[in-house]
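Shown next, in structure tokens, is the structure this report addresses.
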Amino acid sequence: MKKQLFNVSILCLVMLFSGASSAHHSFAAEFDVNRPIEITGQVVKVQWINPHAWIHVEVVNSEGNEIWKIEGGTPNTLFRRGITRNTLPIGTKIVVRGYQVKGGGYTANGREITLENGNKLFVGTSGVGAPDDGAGKSK
């Protein structure tokens, strides 16, 4: 009986943690370090959700309008950096630097957002895009 209870307990733990571990991704699994982007546009939507906050930016260019989805860090991480869901109201003009999703498209992992007044917000996640990754530094 004890062995059966132990086996059921182990099975429950495996099932519990297997979904959580596969739900999150590494930077390299989704984004391409060789596809840096810099876009300028207006915030049209902010999603303050786990595991990552998302900022939707409308970019107007000669080909028309594009809506870019920019992945940021976790809401908790951004909050600890002084960024809240109210930091980027709808209509705010921003410049976003980051890395485009593999395969192209209008999705990117944000590294840095520059506001109209010149203030910069680090919104990146750990790994490539983190402040100490060397991006933007001259050699």
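Would you pick out the residues in the stretch 38-68 that are in a strand (DSSP E or B), aliphatic (A, V, I, L, M) and surrounded by 14 or more Cβ atoms within 10 Å (Cβ to Cβ)?
Within the stretch 38-68, the subset in a strand (DSSP E or B) is 38-47, 54-61, 64-68.
Restricting the remaining residues to those that are aliphatic (A, V, I, L, M) gives 39, 43-44, 46, 55, 57, 59-60, 67.
Residues satisfying the conditions are ILE39, VAL43, VAL44, VAL46, ILE55, VAL57, VAL59.
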Quiz prompt | Residue check, TRP68 hydrophobic (A, V, I, L, M, F, W, C) and in contact with a helix residue (DSSP H, G or I) (Cβ under 7 Å, 6 or more places away or on another chain) | solution = no
Quiz item: When ARG80 is evaluated against the numbered criteria (1) under 26 Å from SER26 (Cβ atoms); (2) touching a strand residue (DSSP E or B) at 6+ places or on another chain (Cβ under 6 Å); (3) of a type in the set (Lys, Arg), which criterion, by number, is the only one it fails?
Solution: (2)
Practice problem: Can you give me the number of residues within the stretch 101-139 that are at pLDDT 90 or above and in contact with a helix residue (DSSP H, G or I) (Cβ under 7 Å, 6 or more places away or on another chain)? | Solution: 4
Quiz prompt | Search result, residues across the stretch 84-100 that are modelled with pLDDT under 95 and farther than 14 Å from ILE39 by Cα | solution = THR84, ARG85, ASN86
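What are the residues in the stretch 75-92 that are crowded, with 17+ Cβ neighbours inside 10 Å and either closer than 14 Å to ARG111 by Cα or of a type in the set (Phe, Trp, Tyr) (or both), if any?
Kept after step one, since they are crowded, with 17+ Cβ neighbours inside 10 Å, are these residues of the stretch 75-92: 75, 77-78, 83, 87-88, 92.
Within the stretch 75-92, THR77, LEU78, ILE83 meet the criteria.
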Exercise. Hey, can you tell me all the residues within the stretch 18-52 that are of a type in the set (Gly, Ala, Ser) and either within 15 Å of TYR106 (Cβ to Cβ) or modelled with pLDDT of 95 or more (or both)?
Key: GLY41
Practice problem: Please enumerate the residues belonging to the stretch 34-93 that are free of Cβ contacts under 8 Å to residues at least 12 places away in the same chain and acidic (Asp, Glu). | Solution: GLU63
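The values are calculated or read from the model by the stated rules, or taken from the named source; none is laboratory data. Please read all numbers here as calculations on a predicted model, not as lab measurements. Positions of Cβ are generated from backbone atoms using ideal geometry, with glycine treated the same way; all protein chains shown enter the neighbour counts.
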